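The values are calculated or read from the model by the stated rules, or taken from the named source; none is laboratory data. Keep in mind that what you see is a predicted model, and the values were worked out from it rather than measured. Here Cβ is always computed from backbone atoms with ideal geometry, including for glycine, and neighbour counts include all displayed protein chains.
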Amino acid sequence: MYRIKILLIIIMQVTLLISCSSTAKFSDDAEIQNSIKTAVNNYNSDNWEIRLKSIRSVSKYSDSIYAKNSILLVIKALDDSHSTIRIEALKILRKIKAPAAEEKIRTIALTDMNSNARYYAFTALGEYRNISNETAFIKGLESRDWLVREAALTGLMGINDPEIQFKYIDIILNAMKDKNISIKLACISNLTIKDPLIYSELSNIINNKKSSLYLLKAALKQIKGYKIDDKTKSRVISLLTHRDKEVRILSLQALKMEEIIIPL
């Protein structure tokens, strides 16, 4: 009898928990739906700060069953008259990578009057790694704004095609020689191919004692796997006593890998 009473108590507790859980779920569903509805209504405001707040509020539902409605509002914000809102929408879509937004993002990257919006559009477009954006990235490299060029270059080099970097090796080599160090770093950091001409530029950076620390580290990372010439090897050996610990480690790794890699 005692055991039966205990069993009945357990059953009642489980039933109560399920009931509470179901009630909470329906409550949450209603709350989320109401939140999205409010955000959609608020987006019609003439106040850009309210519109900005509305798209930020729905972005947290992008991974839920309510993703469609929330993403549609963010995509709509890409046409907003205020650049801050367009940029915020681009930042959100960079994480979401919604297929329905790709074409509109590409249009912003190429035609928006605000250079910051074009920059964020290219960074968002780069996340798709789509070969269909190849032409857009090439066009972006013509920009006077180095941030836009950097984003376009990174996007081009990141396209999901093993031949893309070989196809545009001239662009890569020019970027490695660019006066802007950020362009150089973006290029070197995104290299996925090996080529004698690229090796030549990497060795020039390593042998140049005026190269910045960041540029030196990037070149040392990428030179791993090449057969290193005597001059560069001597320089790399000297870097084993460099004041920066990471430089010392990268130099050692380059020398160790050089011993087992077949030269180009």
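Before we move on, is Ile198 in contact (Cβ under 8 Å) with a residue 24 or more places away in the chain, more than 21 Å from the chain's Cα centre (by Cα) and in a helix (DSSP H, G or I)? It is true that Ile198 is in contact (Cβ under 8 Å) with a residue 24 or more places away in the chain, more than 21 Å from the chain's Cα centre (by Cα) and in a helix (DSSP H, G or I). Checking Ser203, Ser182 one by one, the residue that is of a type outside the set (A, V, I, L, M), outside any loop (DSSP other than H, G, I, E, B), over 22 Å from Leu147 (Cα atoms) and in contact with an Asp or Glu (Cβ under 7 Å, 6 or more places away or on another chain) is Ser203 and no other. Restricted to the stretch 53-70, and to residues there that are among the β-branched types (Val, Ile, Thr) and crowded, with 21+ Cβ neighbours inside 10 Å, the residue that is nearest to Gln33 (Cα to Cα) is Val58. Looking only at the stretch 79-101, residues that are more than 19 Å from the chain's Cα centre (by Cα), part of a helix (DSSP H, G or I) and not polar (S, T, N, Q) come to 2 in all. Report whether or not Lys179 is more than 30 Å from Ile105 (Cβ to Cβ) and surrounded by fewer than 21 Cβ atoms within 10 Å (Cβ to Cβ). Answer is no for this residue.
For the stretch 217-229, indicate whether the set of residues that are farther than 25 Å from Pro162 by Cα and among the polar types (S, T, N, Q) is non-empty.
Within the stretch 217-229, not a single residue is farther than 25 Å from Pro162 by Cα and among the polar types (S, T, N, Q).
Is it the case, given these coordinates, that Lys104 is free of Cβ contacts under 8 Å to residues at least 24 places away in the same chain, in a helix (DSSP H, G or I) and charged (D, E, K, R)? In short, no.
Do we have Ser64 as out of contact with any His (no Cβ under 9 Å at 6 or more places or on another chain), free of Cβ contacts under 8 Å to residues at least 40 places away in the same chain and either within 18 Å of Ala101 (Cβ to Cβ) or not in a helix (DSSP H, G or I) (or both) here? Criteria met by Ser64. Of all positions in the stretch 217-231, at least one carries a residue that is at negative phi, over 27 Å from the mean Cα position of the chain (by Cα), among the acidic types (Asp, Glu) and outside any loop (DSSP other than H, G, I, E, B). Within the stretch 86-106, at least one residue is under 22 Å from Asn34 (Cα atoms), modelled with pLDDT of 95 or more and buried (at least 19 other Cβ atoms within 10 Å of the Cβ). Could you tell me whether Gln253 is closer than 21 Å to Ala152 by Cβ and assigned to a helix (DSSP H, G or I)? No; evaluated as a whole, the condition is false for this residue.
Residue count for the stretch 141-175 satisfying the condition of being surrounded by 13 or more Cβ atoms within 10 Å (Cβ to Cβ), within 13 Å of Tyr119 (Cα to Cα) and over 17 Å from the mean Cα position of the chain (by Cα): 4.
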